[in-house]
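Structure record follows, encoded as C-alpha cells.
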Amino acid sequence: MHVVVGGGGKLEPGVYRYVPEDNTLIREIAGDMREKLSNAALSQPMIRSAPVSFVISAVYARIAGKYGNRGLRYTYMEAGHAAQNISLLGVELGIGICTVGAFEDEEVKNVLKLPANEEPLYILPLGYI
C-alpha cells in the first residue's frame, strides 16, 4: 500500500510506502503528487483536494507463488476488505472517503514509481468534508 500525502499535516508531502512488518511509512517520493495522481485517475477532483490518498496495490506473482490459481481471487478480496476497513474507519472518525477504481493503471504506476510487477488496484482519497 502507498500513501500519497499533500501539505499541511504531520507528514511531509510525498508518496510513502507502508511497510507492514515494521508498521512504518517510508517516503519514496518527495513533493506533492496529488495533481499527478488525480490526472492519472481521469482528473477526479477528490484525489487532487484530499489531504491523503491510500493506493492499494498488489504483486500478483508473489501471491500466486503462495496460493496458486486462487491467488488472484484472494488479491481482489483482500483489496476490497482493506478498502472497506479504511472506509469504515473514515466514517467512524467523521472523515470523508470514497473509493476510486477509475484510473489509468500505467499512469498511476508512473506517478508512484511502482516496480513493473506491482499493480495499482484501488485509490481511496480521504479528507474532512
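Using only alpha carbons, the chain has a radius of gyration to Kirkwood radius ratio (Rg to Rh) of 0.96. Counted residue by residue at 0.36 nm each, then reduced by the alpha carbon distance between them, the extension gain from N117 to S49 reaches 21.6 nm. Take the alpha carbon atoms of the stretch 94-115, find their center, do the same for the stretch 7-54, and report the distance between the two centers in whole angstrom. So the two Cα centres are separated by 9 Å. Assuming charge only on the beta carbon of Lys and Arg (+1) and of Asp and Glu (-1), the dipole of the stretch 1-71 about its Cα centre is about 240 debye to the nearest 20. Going by neighbour counts of Cβ atoms within 10 Å, the residues H81, H2 line up, fewest first, as H81, H2. The H on the amide N of G96, modeled in the peptide plane, is under 5 Å from the matching H of G127, Y128, I129, each at least 5 residues off or on a different chain.
Ranking A50, G80, V4 by how far each Cα lies toward the positive end of the dipole of the stretch 2-127 (charges on Cβ) leaves G80 at the top.
Only DSSP H runs of four or more residues enter the estimate; each adds -39500 (n - 2.57), and after division by the residues of the chain the mean residue ellipticity at 222 nm equals -11500 deg cm²/dmol.
Net charge dipole, the chain: roughly 160 debye, given to the nearest 20, about the Cα centre with Cβ charges of +1 for Lys and Arg and -1 for Asp and Glu. Give me the percent relative contact order of the stretch 9-129, please, defined on Cα pairs under 8 angstrom at least 6 residues apart. The normalised contact order for the stretch 9-129 reaches 30 percent. Largest mean-square fluctuation among M46, M33, M77, in a Gaussian network model of the chain whose springs join Cα atoms under 10 Å apart, belongs to M77.
Ordering L93, L126, L25 from the fewest to the most neighbouring beta carbons within 10 Å gives L93, L25, L126. A cut-off of 5 Å between modelled amide H atoms, ignoring neighbours fewer than 5 places along the same chain, links I29 with V15.
Positive end of the dipole of the stretch 2-127, charges at C-beta (+1 Lys, Arg; -1 Asp, Glu), about the Cα centre: which of V111, G90, N39 has its Cα farthest in that direction? Ranked along the dipole, the leading option is G90. Neighbour counts of other Cβ atoms within 10 Å put K10, K109, K66 in the fewest-to-most order K10, K66, K109.
Only the coordinates and a few stated rules stand behind these numbers; no lab work does. From a predicted model like this one, the values you see are computed outputs, not experimental measurements. Counting neighbours? That spans all protein chains shown, and the Cβs are built from the backbone with ideal geometry, glycine included.
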